[in-house]
Amino acid sequence: MSFLSDEEIAGLHVERMIIHLVGKRIEFRPEAETPVQQQEFFQSRIIDHAASAVHTFTEHSNIRPVLQLMGTGDMGFEEGGQELARLFWRDHTGQSTPGAFFVFRLSTGVGDSILFALIKYDYRPVVELAQQGGQNVLREIIQAFVKEKRAVQKFCIVRFRAGAIEDEVSATDRMADAPDLTDYFETYLGVSRARSIQELSNRLNEAMRGSLQELREHLPNGDVAAALVRAKQALQGRGIVTNEDIVDAILHGAERPRDEKLVSRIERVTRGRLKRSNLTDVEFRPDPARLAVRPRRKVRTAEGARLEYPEDELGRSVTRVETDAGITFTIHTTHRLVEDDTVAIRHS
């Protein structure tokens, strides 16, 4: 599942927020809580970045106790937000660019759970087109927050439920190769990776295979195995893989249909499989060995005969000939049989 459920996304609402400017050349100054503004803008940024959790809190986390006190109400939101920002500012590295550090408290309308989101956001000068005296003028806005996903430097969201901050953490870091975090941000949060690249790659394999099986009727010749080969080939060499890349790979596996309704269905099915595989918006560099795992074809006849073989052995050690008289499989090997035995009879 995604970090946020569909119900949480539907009911997501920013209740409180506090902002601090952070940077090595900026003296830290505790700020007062800010009235909630631009509700939809910040909700959208949080939903966009709340990927499936890949990290968990460690016992040495310095921010988890602060969030716990904020969740129970034993520490006020303003005081807690100031402490979270101070800890972030304290260890801010010299190479890091200055930015605005936001702390949000969010309600979801789902049970008793609340969410805390921490975002370090770029602020940059932009030029606005405005009207003055009936003429177009350009006006510079010194501190502006933009919708670009890359404008979010660092992001973290956690859930407080049943009286405690949960272990799972959804965190992203623009300065690191996803899904890893920079040493600084990982230390600040006090988290560690909970899922290895190998596990993520295995889940990706299953999500792609499951998507194509669900879409079998729309594939050329209904051939899932061949489509999976094409899809994996489309991902090879891409480096960090996003959900958008995976959807595009499945479309490639389906030989890029032009029917817009079918394209929409393929995207919907693929994203659904990614969500069930807990890969929603998770970006990572797949393990090449697992991405290159050869798909296997399984054949079963009406007479009960079963045959399973690697797809890329077709035309080599396995041949398949279809005629009006029937289908003939031939298997040729120069080696001794690895297995040649009877199968136990299973009684229902």
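Checking the table LYS232/LYS298; LYS120/LYS232; LYS154/LYS232; LYS232/LYS275 against a 27 Å threshold on Cα-Cα, which pairs fail?
On the way: LYS232/LYS298 19 Å; LYS120/LYS232 35 Å; LYS154/LYS232 30 Å; LYS232/LYS275 19 Å.
With Cα atoms farther than 27 Å apart: LYS120/LYS232; LYS154/LYS232.
Going through region 258-348, which GluC sites (Glu not before Pro) have at most 10 other Cβ atoms within 10 Å and a DSSP loop state?
Values: sites: GLU260, GLU267, GLU283, GLU303, GLU308, GLU311, GLU313, GLU322, GLU339; in loops: GLU283, GLU303, GLU339.
Loop-located and lightly packed - GLU303, GLU339.
How big is the gap, in Å, between the Cα center of region 54-119 and the Cα center of region 11-32?
One Cα centre to the other: 10 Å.
Take region 296-348, drop everything but the C-alpha atoms, weight them equally and run the Debye formula without solvent; then report log10 I(q)/I(0) at 0.21, 0.25, 0.32 Å⁻¹ to two decimals.
So the normalised log intensities are -0.99, -1.21, -1.37.
How do HIS335, HIS92 rank when sorted from fewest to most other Cβ atoms within 10 Å of their own Cβ?
Details: HIS335 6, HIS92 22.
Ordered by Cβ neighbours within 10 Å, fewest first: HIS335, HIS92.
Starting from the Kirkwood Rh over alpha-carbon pairs, what translational D in µm² s⁻¹ does the chain have by Stokes-Einstein at 25 °C and 0.890 mPa s?
In µm²/s, the coefficient rounds to 103.
Using θ = phi - 60° and the Karplus relation 6.51 cos²θ - 1.76 cosθ + 1.60, list the HN-Hα couplings for region 323-337 in order, rounded to whole Hz, with x at every Gly or Pro.
Those phi angles translate into 10, 5, 7, x, 10, 10, 9, 10, 10, 10, 9, 9, 10, 5, 5 Hz.
In sequence order, what are the phi-derived ³J(HN,Hα) couplings for region 220-231 according to the Karplus relation 6.51 cos²θ - 1.76 cosθ + 1.60 with θ = phi - 60°, rounded to whole Hz, with x for glycine and proline?
x, 6, x, 8, 5, 4, 5, 5, 5, 4, 4, 5
Just from the alpha-carbon atoms, what are the Rg and Dmax of region 154-212 in angstroms?
Here Rg and the maximum Cα pair distance are 14.2, 42 Å.
How large is the Rg to Rh ratio of region 197-291 when both quantities use alpha carbon positions and Rh follows Kirkwood? The partial results should precede the final answer.
Details: Rg = 12.0 Å, Rh = 12.9 Å.
Reported Rg/Rh, Kirkwood definition of Rh: 0.93.
Relative to the Cα centre, what is the charge dipole magnitude of region 296-348, using +1 at the beta carbon of each Lys and Arg, -1 at the beta carbon of each Asp and Glu, and rounding to the nearest 20 debye?
Numbers: 9 positive and 10 negative charges, 32 e Å.
In debye, rounded to 20, region 296-348 gives about 160.
Of the listed peptides 98-105, 12-19, 24-31, what is their order by residue-averaged count of other C-beta atoms within 10 Å, with the highest listed first?
Details: 98-105: 22.5, 12-19: 18.8, 24-31: 11.8.
Averaged packing, sorted descending, gives the order 98-105, 12-19, 24-31.
Using just the Cα positions, wrap region 9-103 in a convex hull and report its mean projected area in square nanometres, one decimal place. List each step's numbers first, then the result.
Numbers: hull surface 29.7 nm².
The number I arrive at for region 9-103 is 7.4 nm².
What ranking of ILE327, ILE114, ILE266 emerges when the number of other C-beta atoms within 10 Å of each C-beta is taken as an exposure proxy, fewest first? Display every interim value, and only then the final one.
Values: ILE327 10, ILE114 17, ILE266 24.
Ordered from fewest to most neighbouring Cβ atoms within 10 Å, ILE327, ILE114, ILE266 come out as ILE327, ILE114, ILE266.
Please list, ordered by chain and number, the residues whose modelled amide H lies under 5 Å from the amide H of THR34; skip anything fewer than 5 residues away on the same chain.
Counting only residues 5 or more places away or on other chains, the set is MET17, ILE18, ILE19.
Per residue of region 180-192, what does 6.51 cos²θ - 1.76 cosθ + 1.60 with θ = phi - 60° give for ³J(HN,Hα)? Whole Hz please, x for Gly and Pro, Karplus curve as stated.
Values per residue, Gly and Pro as x: 6, 10, 5, 4, 4, 5, 4, 5, 4, 6, x, 10, 9 Hz.
According to the Cα gyration tensor, what semi-axes, each the square root of 5 times an eigenvalue, does the equivalent ellipsoid of region 253-348 have, listed from largest to smallest in whole Å? Please list the in-between numbers first.
Numbers: eigenvalues 236, 84, 63 Å².
Semi-axes (√(5λ), whole Å): 34, 20, 18.
So who's got an amide H within less than 5 Å of the one on VAL241, skipping anything under 5 residues away but keeping other chains? H placed 1.01 Å off N, in plane.
For VAL241, whose amide H was placed from the backbone, the distant partners under 5 Å are PHE284, ARG285.
To make sure I understand, if each residue's beta carbon is the centre and we count other beta carbons within 10 Å, what order do LEU215, LEU251, LEU262, LEU204 fall in, fewest to most?
Working: LEU215 22, LEU251 19, LEU262 14, LEU204 25.
Lowest to highest Cβ neighbour count: LEU262, LEU251, LEU215, LEU204.
Using the Cα centre as the reference, give the magnitude of the dipole from point charges on the C-beta atoms of the chain (Lys, Arg: +1; Asp, Glu: -1; all else neutral), rounded to the nearest 20 debye. Kindly include the intermediate steps, with their values, before the conclusion.
Details: 48 positive and 53 negative charges, 132 e Å.
Computed about the Cα centre, the dipole is about 640 debye.
Relative to the longest principal axis of the chain, what angle (0 to 90°, nearest 10) does the C-alpha long axis of helix 77-90 take?
The answer is roughly 80 degrees.
Read the figures in this text as sums done on the coordinates, not as results from a lab. For clarity, every value in this text was computed on a predicted model and none was experimentally measured. When we count neighbours, we look across all protein chains shown, and the Cβ atoms used for this are built from the backbone with ideal geometry, even at glycine.
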